[in-house]
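Working notes for the structure below.
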Amino acid sequence: MTIQQMRYFLGVIYAGSVSKAARQMYTTQSTVSVAIQNIESEFGFEVFRRSSSGIDLTERGASLALDVKRILQQVDMLNTKYVDHTEQRIEFSVATQHHMPGIDALCSLVREHMEDCYRVDFYEMRTSEVLNAVSAGKYDVGILFFTSGSKNFLTQKLRMAGTVFHHIAYKPVHVYLRQGHPLAGAGVIYEEDLKNYPRVAYDRGIDTDIIFTDALKEYSPSVINVNDRAAAYMILQELDAYILGSGYRTSSERQSGILAVPAADCGSWEIGYLLQSKIGESSLTRKFLKLFQEELERDQSLL
């Protein structure tokens with residue numbers, strides 16, 4: 001199947017008929033019909049079900065359409081990146097655990113390149129996913145934190161994955177909660193104080209290693225597992241729940257009234273960033289890390 005045949009195939013789907021697709025694509029009806037026939041001949045099944053009322057995708061045709069659409073999106077992306085522009089598009093990606101800083105630094109980086117073509121990715125994910133993403137070279141830099149008791153285990157995983165951890169700081173474990181929470185006025189929060197409130201957690205999938213971020217010594221009787229920050233904040237607001245994290249807050253978190261109170265008896269996190277050992281730092285990576293360090297220092301000064 002050629003790229004042009006793929007475009008004709010999708011064109012018929014969007015137009016609802018061969019004749020209409022041909023008009024919209026400025027070609028002849030016979031050209032489109034032959035392209036569809038060649039596709040069906042190549043794959044050995046009908047892609048359209050024809051009737052007096054028109055055409056519909058067959059089950060296998062619908063499956064093929066999804067794959068063709070994905071391929072054409074990639075082709076268009078390559079054309080945009082390498083053909084349509086004389087300047088190469090700027091690309092940069094960050095993988096980070098939940099409730100870690102970095103988004104403010106990324107926004108600062110983008111502001112410096114507003115006149116350029118760019119694609120930036122900032123994804124929050126679970127600990128093991130950050131490790132895998134950077135190890136596979138899918139992301140330029142990973143931001144993570146972990147308990148002191150898990151460092152040896154983490155170091156082994158990093159060595160096996162061909163990644164390098166760069167230390168930034170040690171930070172006491174903090175409890176995130178909303179303004180107005182019964183514990184919001186406390187200078188510090190003890191683990192005993194948390195027993196009557198639900199805990200929101202991220203690193204609880206069957207494919208994750210909770211040893212990295214499990215700072216509580218006692219079993220949490222009420223746990224709500226989530227996979228995105230928006231859901232977590234909704235739960236914090238509605239249920240007087242709490243989240244354990246690094247204590248760093250973004251500018252939007254400060255504005256929305258999310259507090260970070262030190263936990264008195266939960267130890268500390270080691271915080272840093274992760275790079276692929278075989279890939280050197282790009283100029284964008286170095287620039288982002290400088291902005292990231294400034295973000296951490298700014299957050300610390302506001303405590």
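Across the chain, the mean sequence separation of Cα contacts (distance under 8 Å, 6 or more residues apart), normalised by length, yields a relative contact order of 22 percent. Each residue of the chain gets 202 Å³ once the volume of the Cα convex hull is shared out per residue. Averaging Cα coordinates gives a centre for the stretch 51-82 and one for the stretch 88-119; these two points are 31 Å apart. Between the stretch 227-244 and the stretch 1-42, the C-alpha centres lie 49 angstrom from each other. Taking the longest Cα principal axis of the chain as reference, the axis of helix 3-15 is set at about 90 degrees. Ranked from largest, the principal axis spans of the Cα set of the stretch 1-145 equal 62, 36, 25 Å. Give the residue from 179, 250, 114 lying farthest towards the positive end of the charge dipole for the chain; charges sit on Cβ (+1 for Lys and Arg, -1 for Asp and Glu) and the dipole is referred to the Cα centre. After comparing all options, I get 114. Rounded, prolate or oblate: which fits the stretch 3-42, taking a ≥ b ≥ c as square roots of the Cα gyration tensor eigenvalues, rounded meaning a/c under 1.5, else prolate when a/b beats b/c? Taking the square roots of the gyration eigenvalues as a ≥ b ≥ c, the stretch 3-42 is prolate. Coupling constants for the stretch 124-132 follow from the phi torsions by the Karplus curve (6.51 cos²θ - 1.76 cosθ + 1.60, θ = phi - 60°), and in residue order they are 8, 8, 6, 4, 5, 5, 4, 4, 5 Hz; glycine and proline get x.
Ligands, DNA and RNA are left out, and with a 1.4 angstrom probe the accessible area of the chain is 53 Å² per residue. Remark on residue 162: its backbone amide H falls under 5 Å from none of the residues 5 or more positions apart or on other chains, H modelled at 1.01 Å from N. Axis of helix 151-161 versus longest Cα principal axis of the chain: the two differ by about 20°, to the nearest ten degrees. How far, in degrees from 0 to 90, does helix 29-43 lean away from the longest principal axis of the Cα atoms of the chain, to the nearest 10? The angle comes out near 60 degrees. How many percent of the accessible area of the chain is carbon or sulfur, using a 1.4 Å probe? Roughly 51 percent of what the probe reaches on the chain is carbon or sulfur.
In terms of distances greater than 26 angstrom between alpha carbons, the cross-link table entries 69/278; 171/290; 151/278; 171/278; 138/290 yield 69/278; 171/278.
The values are calculated or read from the model by the stated rules, or taken from the named source; none is laboratory data. These numbers come from a predicted model, not from an experiment. Positions of Cβ are generated from backbone atoms using ideal geometry, with glycine treated the same way; all protein chains shown enter the neighbour counts. What goes into the accessible areas is simple: the full protein's heavy atoms, side chains included, and nothing from ligands, DNA or RNA. Shrake-Rupley method; radii C 1.70, N 1.55, O 1.52, S 1.80 Å.
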